[in-house]
Every structure is written in C-alpha cells, then in structure tokens.
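Peer 1: Take this structure, written in structure tokens, and hold onto it; I'll ask about it next.
Where a number appears in this text, it was derived from the coordinates with a stated rule and is not lab data. Quantities reported herein were computed from a predicted structural model and do not represent experimental measurements. All Cβ positions, even for glycine, are placed from backbone atoms using ideal geometry, and neighbour counts span all protein chains on display.
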Amino acid sequence: MEKKILNFDKVLEHIMMNNINEMLHGNDGKWIGENLELDRYLLMRSQEFLYLLFNKIGVSEKPTASIIYFRKRGINDRREGKKEDEIYSTQAIYTKDKEVFEKRDEKVIDTLNYLHPKEHRLFIMDLAKDYIDKFKIISKEVYYLFVINYQYKNRYGGTPSYGLEEGLVTVFGLSKENSKELKNSFFIEVLRLIRDEKFIENPRNEIIDSLLVRAGNIVLNDKIYKRFLNDIEKDIELEMNINLFDLLHNISLLKYESGENSGSILFCLRNIMLRNKLMLAEPIPLTHYGSVTSIRKLLEITGDEVSLLCDGKYIFGIGLRNVKQKHPKKSFIIEFNGQGKWDVVTNMGKKVMSVANRIPSIPKTSVNEAMFAKQFENTFESSEYQNVWRFINIAKEQQHGTMVVVTKEAKSESKRLCNQSFLIKKTKNVRESMIKGVTSIDGAILMDEAGTCHAIGVILDGIADQKIGTNSRGARYNSALRYLNYNKKNNIPCLIAIVSE
C-alpha cells in the first residue's frame, strides 16, 4: 500500500482557510453575533468603574466613556475570486454635556489585511479607532484615547459575556488640556494594565487596589530599581531576589519609640559626591530578616537634607545632600511620610508615586489658581471665583489640614447641619488672620459660590457607597467623597477643596 506523506504546512493552511472563510462568510450573509442593544445603563457600568479607578489613582479628571458595538456579515465569496469585503454595522453610545447619545452606521471594509484569526482583536481595535474619530466628544484632536477590555455580563441572564473579543469595545478619553498625568510613569503603567487586563463588570475596591499595587511593583521593582541595579553591576537582580516595594512598605509601618517614620533613603553609588558622608563599618544588607528594624532605627537620624545611603544591596552610610541638587542619573530617593506612607522620588526631585497603606497613587500636587478657576466655572457656570479662591489660598498657609466646602445650597445646608457645626452670620469680609483661625479647628468651612461664609467646624454627612472611598486616604478625604455623593444625588453643585497637612 502506498503511503501518502502529508505536508504539515499545507494542512495548516487548509485548516486556516476554512476557519477564515467561516469567520468572514458564516451564516450565508446573515449578521454574526448577538443583537445587543446599547443603553444608558450599560454605559454607566463602565463609566462608574472608571470614576472609581481614577479617583483611587488620584487623577481629578473624570474620563469620558463610550461603547461601540460592531457586527459583521460577508457580502462576497472568496471562492468566486471576488474582493474580500464585509459590511459592518456599528452601534455606539456616549455621553456629552451630561446627555446620552446614540449613533448607528454601516460601512464596507476591506478585510484582506486581517485574515488570520489571531488578528481579529487587532481588527476590532483598528475599526474602533477609525470609527471613534467621528465623535467630537472623544475626538483625537481633543482627547487621548484608550481602549479598556471591560466585560459586560448578559443582562438577560445568558452565559455570554461581552467585551473586546465579541466586538463590543469600551473606549475612554482624557483631555489633552489635563495631560500632565500622562508624563507620570505610574499612571502610564496603570493605563497599560487596564488595556491588557480583562475586567469583570462592577469590580470591587479590592480588585482595583490589587491592580494599583501591581502597577506600583512594576514601576519600582522592574523599572526604577532594576535599572539602578543594572547600572551598578550587570544581572545583579538575578542574585538579589528583593521585592523592594514590600520591603519599603514594611519599613514604613514600623515605629521607633512610638514615633512615626519621616526619614529618607538615597539609592546611589558608593562614590557619590555629597557635602558630607559617614560610611558604616558594617553595611546593613537588605536581604537579612532583621535588617528592617535596624534600617528603621537609623532612619531616625535622617531628615531634611540627611539621608541613609543605599547601593541597592546594602545600607552603607549616612549622607548630607543638597535637596535642590540633581543627583546622578538612575539614582532615586524614598521619602517616608508617616506610618505606612512613602514616596518614590527621581534623581531630578520629581515624585513618581505616593504609597499609603500599600496602595500607590499619583503624588498630590497643589491646585493653582488657573486650575481652580476652571473647575469652579465647570461646577457653578460662573467665572467669579476670586472671593472663594482668596479664602482657600489663605487657608493653605495654616499648619493643620482643613476642608473648604463651596455649594449653591450653603444657606440651607448650614441649617440642616446646624447640630454638627457653628453657624455664623453670613459674611464675605473675613480677614486673613481670622481665616487662619477658623480653619485651624476640626470640621469644614461652608461657603456659597459668591464667597460668603455660612458655617465653620462643620462635620459633614453624606451617602455611603461601597464604590466610594479608599482606605489609602484619611477620614477628611472620605467624608468629602460621601458629601459629594450626597450632593450629586440631590443635583446640588458642590466643590470641595482639601488642604492637606
């Protein structure tokens, strides 16, 4: 009997062509996929997830979400030698000026460049990017655009989940006017993770916290620390086996004689030029179990311009540095700011990320007048922000944290909260010394959008929500979120300025 030897490449090509023809021309020209209707409820699911995520990251801008759904059917048959085109039905839903809009379209697309099944996802993304340029609300000229693989359960109880693979694409945009966060390596890593990850609808706080910790580990361990080690000795990270993120967090949790940590560690070469430097006779290895308590004790020496010095493997000394001076390339600084709180700072003095209770976020930056004016106008539809800004700007100078609440319903809110505040006769004429005084006590200052003060020492209430708040921030921040949630539910324009210690 004659044996026939099969050519593996030919067999593979035959299987692929059958799969491609089935994918492109299945169902005899009928529409492929579920007949999914997009609505406001579906859009708000991913929108709320993005709000929660961005709030935890520390990005003030609320991302603009849109959902685009693609369905296809073949109009020509490859076996007849005709061009490989398909009709795509496009359905989209998006928000603009707090209104929800829908858009439908059909277009013919040449699919010859996307024949391999593995390229289907790429094709969907390219189609989405091509289509969303038509939306002014998320135009590439105004927004940076990002695709997130957000999974929507079938609302009708079926088994399928909708997402990128099914032709349902969730896109969000960030305004190019507020693009400073896109220069932050931690935020860029978060964007990369949410692009590549598959998110189940309505994820809990714990899932987002886990995502942020992963991003923080990647930025510190795999980028900053690894790059620093490789600059000292090639492939040194293979023998170190240190999770620097976890090590630093463990150090930040320790107290010394009841005192919280407020020191710093400079990661640098041993021959770094400093104004003064003390070298330890026996450097402290980062890998030893008991080193954490020793490092914490030595951190009591540091402060202001004095830092512990670390070469990536050992704490080798104590140095007096110039905080305004740029340090050698690839060196970096860890600044501790209390129990469980620490910052990663580059050699240029720029903060990369802040960590609190192990959850990293974008470092807080002080709001300037231009930023406040824009937010004030967006909230109250008024450009008369000067009286309110004067009050807040003075409040920023006092040593304790405080909160200034600006609301159109300040008069009625002061009466509603009278049992947990001190009401005052409304006035705009509050002197600078008086502002520093009234903002030094616990509670918020309650004012209207004209800058008139109605109450001081206000203990805010609000509507609790499991999607709102984070344990990485303090009580003042979380109470502000709850109060904002209350105002949102009651359609009350409200703006809160938090002054941190």
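Peer 1: Computed over the Cα atoms, what is the radius of gyration of segment 249-394 divided by 2.2 N^0.38 Å, N being its residue count?
Peer 2: 1.32
Peer 1: For segment 287-341, what ratio Rg/Rh do Cα atoms give with a Kirkwood hydrodynamic radius?
Peer 2: Answer for segment 287-341: 0.95.
Peer 1: May I ask you to derive the FRET efficiency for Lys326 and Lys426 from their Cβ-Cβ distance with R0 = 56 Å, giving the value to the nearest 0.05?
Peer 2: About 0.65, to the nearest 0.05.
Peer 1: Within the P(r) computed for segment 357-442, what percentage of the Cα pairs occupies the region above 22 Å?
Peer 2: That fraction is 39 percent.
Peer 1: I would also like to ask the following. To the nearest whole percent, what portion of all C-alpha pairs in segment 220-328 is separated by more than 22 angstrom?
Peer 2: Percentage above 22 Å: 31.
Peer 1: For segment 320-369, max minus min Cα coordinate along each principal axis, in Å, sorted largest first?
Peer 2: 31, 29, 19
Peer 1: Go ahead and run the numbers for FRET between Asn205 and Tyr144, Cβ-Cβ distance against an R0 of 22 Å, rounding to 0.05.
Peer 2: Rounded to the nearest 0.05, the efficiency is 0.25.
Peer 1: Net charge near Phe316, counting Lys/Arg +1 and Asp/Glu -1 over other residues with Cβ under 14 Å of its Cβ?
Peer 2: Computed value for this residue: +1.
Peer 1: Right, here's the next one. Using every Cα-Cα pair within segment 406-453, state what percent have a distance larger than 11 Å.
Peer 2: Every Cα pair in segment 406-453 considered, those over 11 Å come to 69 percent.
Peer 1: For Ser412 and Lys277, compute 0.36 nm times the residue count separating them, minus their Cα-Cα distance, and round to one decimal in nm.
Peer 2: Contour length minus Cα-Cα distance gives 42.5 nm.
Peer 1: Sticking with this one: Using a Förster distance of 45 Å, how high is the FRET efficiency between Ile441 and Leu193, based on the Cβ-Cβ distance and rounded to 0.05?
Peer 2: Approximately 0.60, to the nearest 0.05.
Peer 1: Whose amide H sits under 5 Å from the amide H of Gly317, counting only residues 5 or more places off or on another chain, with H placed in the peptide plane?
Peer 2: Leu280, Leu309
Peer 1: Hey, quick one: spin label on Val100, modelled 7 Å out along Cα-Cβ, who in segment 166-210 has an amide N within reach, i.e. under 19 Å?
Peer 2: Within reach of a label on Val100: 168-173, 201-203.
Peer 1: Also: Label Asn217 and Val108 with points 7 Å out from Cα along Cα→Cβ: what is the distance between them in nm?
Peer 2: With each label point 7 Å from Cα toward Cβ, the separation is 5.2 nm.
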